[in-house]
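Q: To start, I am sharing the structure in question, which I have written as structure tokens.
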Amino acid sequence: MPNKKIVHVDMDHTLCDFSTSYSKYKKNYPEVEYPHSVPGFFSGLAPMLNAIEVYQWLDNQDNVDLYILTAPSVRNPSSYTEKRLWVEKYLGIDAAYKLIINPNKGLTLGHYLIDDYIEGKGQENFEGQILQFGSSEYPDWKSIRKYFELELND
Ligand SMILES: [Mg+2]
């Protein structure tokens with residue numbers, strides 16, 4: 001049994017395309033101040049390009065223990081349920097068992113965190129390495145896969 005690397009993946013702006021839905025709500029319902037507080041917002045997000053494929057690829061690596069690590073939208077109580085429903089819909093029920101909803105990501109142990117933010121929800125205290133999704137180094141899921149292809153075969 002190889003030593004497994006614990007990898008956490010963020011949801012909003014990383015697995016889930018938050019921005020496109022947010023802009024659509026703003027355009028279609030300008031009177032809604034906080035689209036992400038509307039029931040159905042989180043379950044209705046589309047996956048980011050290649051997110052599902054690369055998540056599944058990572059999940060199939062023998063030396064990876066993969067989790068989803070997301071902060072809740074606390075003022076939208078349905079976000080907790082909708083995030084869970086989204087995970088099952090796009091990644092399957094096994095992934096739902098790996099869903100961690102945590103407002104302070106720095107309290108979670110792990111080797112890697114793939115997240116579009118490097119601070120704000122405890123990321124700054126995460127003890128492993130952060131791959132900032134959407135940065136020039138890791139602009140998309142293909143670049144994340146490339147990184148792990150090299151990293152996991154060392
Ligand atoms: Mg995010």
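Since every read-out is calculated from the coordinates, none of them should be taken as a lab result. In this text, all values refer to a predicted model and were calculated from it rather than measured experimentally. Every residue, glycine among them, receives a Cβ derived from its backbone with ideal geometry; neighbour counts consider all protein chains shown.
Q: Please state which one of LYS83, LYS89 is buried (at least 19 other Cβ atoms within 10 Å of the Cβ) and part of a helix (DSSP H, G or I).
A: Details: LYS89 fails: buried (at least 19 other Cβ atoms within 10 Å of the Cβ).
On inspection, the qualifying residue turns out to be LYS83.
Q: Another question, then. Hey, any hits in region 53-67 for a residue that's at positive phi and within 14 Å of the chain's Cα centre (by Cα)?
A: no
Q: Do we find that PRO30 is over 27 Å from ILE144 (Cα atoms), away from the ligand (no atom under 14 Å from the Cβ) and touching a helix residue (DSSP H, G or I) at 6+ places or on another chain (Cβ under 6 Å) in this structure? Working first, answer last.
A: Details: over 27 Å from ILE144 (Cα atoms): yes; away from the ligand (no atom under 14 Å from the Cβ): yes; touching a helix residue (DSSP H, G or I) at 6+ places or on another chain (Cβ under 6 Å): no.
So PRO30 does not fit the description; no.
Q: Continuing with the same structure: Right, GLY110: within 14 Å of the ligand (Cβ to nearest atom), more than 15 Å from HIS13 (Cβ to Cβ) and buried (at least 16 other Cβ atoms within 10 Å of the Cβ) or not?
A: Working: within 14 Å of the ligand (Cβ to nearest atom): no; more than 15 Å from HIS13 (Cβ to Cβ): yes; buried (at least 16 other Cβ atoms within 10 Å of the Cβ): yes.
Considered against the rule, which asks whether it is within 14 Å of the ligand (Cβ to nearest atom), more than 15 Å from HIS13 (Cβ to Cβ) and buried (at least 16 other Cβ atoms within 10 Å of the Cβ), GLY110 comes out as no.
Q: When the residues of region 1-27 are narrowed to those that are assigned to a strand (DSSP E or B) and more than 18 Å from LEU58 (Cβ to Cβ), which ends up nearest to the ligand (Cβ to nearest atom)?
A: To start, the set of residues in region 1-27 that are assigned to a strand (DSSP E or B) comprises 5-9, 12, 16-17.
Still in the running and more than 18 Å from LEU58 (Cβ to Cβ): 12, 17.
Details: ASP12: 4, ASP17: 11 Å.
So, considering only residues that are assigned to a strand (DSSP E or B) and more than 18 Å from LEU58 (Cβ to Cβ), the one nearest to the ligand (Cβ to nearest atom) is ASP12.
Q: Output the residues belonging to region 33-58 that are away from the ligand (no atom under 14 Å from the Cβ) and in a helix (DSSP H, G or I). Step through it out loud before you land on a result.
A: Filtering region 33-58 for residues away from the ligand (no atom under 14 Å from the Cβ) gives 33-35, 37-41, 43-44, 46, 49-50, 52-58.
Result: PRO35, SER37, ILE52, GLU53, VAL54, TYR55, GLN56, TRP57, LEU58.
Q: Right, another one. Within region 122-137, restricting attention to residues that are surrounded by fewer than 19 Cβ atoms within 10 Å (Cβ to Cβ) and part of a loop (DSSP other than H, G, I, E, B), which residue is nearest to the ligand (Cβ to nearest atom)? Steps first, answer last, please.
A: Taking region 122-137 as the starting set, the residues that turn out to be surrounded by fewer than 19 Cβ atoms within 10 Å (Cβ to Cβ) are 122, 124-125, 127-129, 132, 134-137.
The next check asks that each one be part of a loop (DSSP other than H, G, I, E, B); those that pass are 122, 127-128, 134-137.
Values: GLY122: 12, GLU127: 19, GLY128: 17, GLY134: 9, SER135: 13, SER136: 17, GLU137: 17 Å.
Within region 122-137, the match that is nearest to the ligand (Cβ to nearest atom) is GLY134.
Q: Right, next: For region 85-107, which residues satisfy the criterion of being under 24 Å from TYR147 (Cα atoms), touching a Leu at 6+ places or on another chain (Cβ under 7 Å) and either β-branched (Val, Ile, Thr) or within 16 Å of the ligand (Cβ to nearest atom) (or both)? So that I can check it myself, show each step before the final result.
A: Step one: list which residues in region 85-107 are under 24 Å from TYR147 (Cα atoms), which gives 87, 90-91, 95, 98-100, 105-106.
Going one step further and asking which of them are touching a Leu at 6+ places or on another chain (Cβ under 7 Å), we end up with 87, 98, 100, 105.
Correct list: VAL87, ILE100, LYS105.
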